[in-house]
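All remarks here apply to the structure that follows.
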Number of protein chains: 2
Amino acid sequence: MPQPHPRPGAPGGDAEAGAVFAALADPTRRHLVAALAAGGGATATGLAAELPISRQAVAKHLATLGRAGLVSQRRRGRESLFELDPRPLADAAAWLTTVGAEWDTRLADLQRLLKG
Amino acid sequence: MPQPHPRPGAPGGDAEAGAVFAALADPTRRHLVAALAAGGGATATGLAAELPISRQAVAKHLATLGRAGLVSQRRRGRESLFELDPRPLADAAAWLTTVGAEWDTRLADLQRLLKG
DNA sequence: AGGGTGTGCAACCATTGAGTTGCGCATCCG
DNA sequence: CGGATGCGCAACTCAATGGTTGCACACCCT
């Protein structure tokens, strides 16, 4: 129900979604996420091989993605595998559609107001 | 079809989506987007009134959102109105779901491989 | 006309973040 | 055993960015 003054801020899970947006703000990180989505688990060294940056840079990015809950790490002998966890992506998508829907509702209300 | 070397990057519209993610990475900007979605057009001064930062800071954020295509500006006499444009949100959502779907497909393929 | 109100522009500061290099430790393999 | 390979941690540089203040211009209203 559209009110003139709904709460100023927040659709559900703003913090979670925010972490995801911040994580995906960087093109390198988007590339990593896409690569992990397409290729399954991979190591930092392997991922760095197809990128113009150092392994440590990739490792940092993976750590950032991990902090956002998008990537999980598993040690396998002397190498460590990184794997995508797509669940937070859903939260972010929900935020986007919620805001979009809220806007659409507002427009519809406005038009109804003008017509009526 | 899962190959060892799929294309490195990109579901459709990576650049567009990236701009949106970068724009929404900041909590203040998310708040602004939410406020515009809920309240319709607003001025920088009005938006700054409910925030702990200066009008100019808000203006800068609105400019950033404008560069991402999320906000349009219209001069009305001596005040300038900012309005949400939700279309880029759809692009970003599409990116998220594409990546998620790609991951799901990969998982399904893997399971089929193990079963078959 | 002229004061109040709202914008926009520019300079400046502090913090964050991406990237690098160097080093030490663990693990596999000949 | 001992070299090679891979990882993680720490220190450092450099650019981007969120925030501020100050000022000048445009517009509304009495």
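All conditions in (1) surrounded by 15 or more Cβ atoms within 10 Å (Cβ to Cβ); (2) within 14 Å of DNA strand C (Cβ to nearest atom); (3) at pLDDT 95 or above hold for B:Thr45, with the sole exception of (1).
So, B:Val58, is that one away from DNA strand C (no atom under 16 Å from the Cβ) and more than 14 Å from the chain's Cα centre (by Cα) or not? Answer is no for this residue. In the condition set (1) part of a strand (DSSP E or B); (2) among the hydroxyl-bearing types (Ser, Thr, Tyr); (3) within 19 Å of the chain's Cα centre (by Cα), B:Thr97 is compliant with all but (1). Apart from one condition, B:Gly77 fits all of (1) touching a residue at least 60 places away in the same chain (Cβ under 8 Å); (2) at positive phi; the exception is (1).
Take B:Val71 and decide whether it is under 22 Å from A:Ala92 (Cα atoms) and facing chain A (nearest Cβ under 9 Å). No.
Contact annotation: residue pairs with Cβ atoms under 7 Å, 6 or more positions apart or on different chains, pairing a residue in segment A:97-116 that is of a type in the set (Phe, Trp, Tyr) with a partner that is outside any helix (DSSP H, G or I), are A:Trp103/B:Leu84; A:Trp103/B:Pro86. Filter segment B:5-16 for residues that are modelled with pLDDT of 65 or more and more than 8 Å from every other protein chain (Cβ to nearest Cβ) and give the result. Result: B:Gly12, B:Gly13, B:Ala15, B:Glu16.
Rundown of residues vs (1) surrounded by fewer than 15 Cβ atoms within 10 Å (Cβ to Cβ); (2) closer than 16 Å to A:Leu24 by Cβ; (3) under 11 Å from the mean Cα position of the chain (by Cα), yes/no style:
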position	(1), (2), (3)
A:Leu62	no, yes, no
A:Gly69	no, yes, yes
A:Ser72	yes, no, no
A:Arg76	yes, no, no
A:Glu83	yes, no, no
A:Pro86	no, yes, yes
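Exactly one residue out of A:Leu110, A:Leu65, A:Leu51, A:Leu114 is assigned to a helix (DSSP H, G or I) and at the interface with another protein chain (Cβ under 10 Å from one of its Cβ atoms), and it is A:Leu110. Here B:Val33, B:Val58 are screened, and the one residue that is assigned to a helix (DSSP H, G or I), within 9 Å of chain A (Cβ to nearest Cβ) and within 14 Å of DNA strand D (Cβ to nearest atom) is B:Val33.
Checked against the criterion of being within 14 Å of DNA strand D (Cβ to nearest atom), hydroxyl-bearing (Ser, Thr, Tyr) and under 22 Å from B:Leu110 (Cβ atoms), the candidates A:Thr28, A:Thr64, A:Thr43 yield just one match: A:Thr43. The residues of segment A:76-90 that are near DNA strand C (Cβ under 10 Å from one of its atoms) and over 18 Å from A:Arg55 (Cα atoms) amount to a single one, A:Gly77.
The values are calculated or read from the model by the stated rules, or taken from the named source; none is laboratory data. Nothing here was measured: the structure is a model prediction, and the numbers come from that model. Note: ideal-geometry Cβ built from the backbone for every residue, glycine included; neighbour counts use all protein chains shown.
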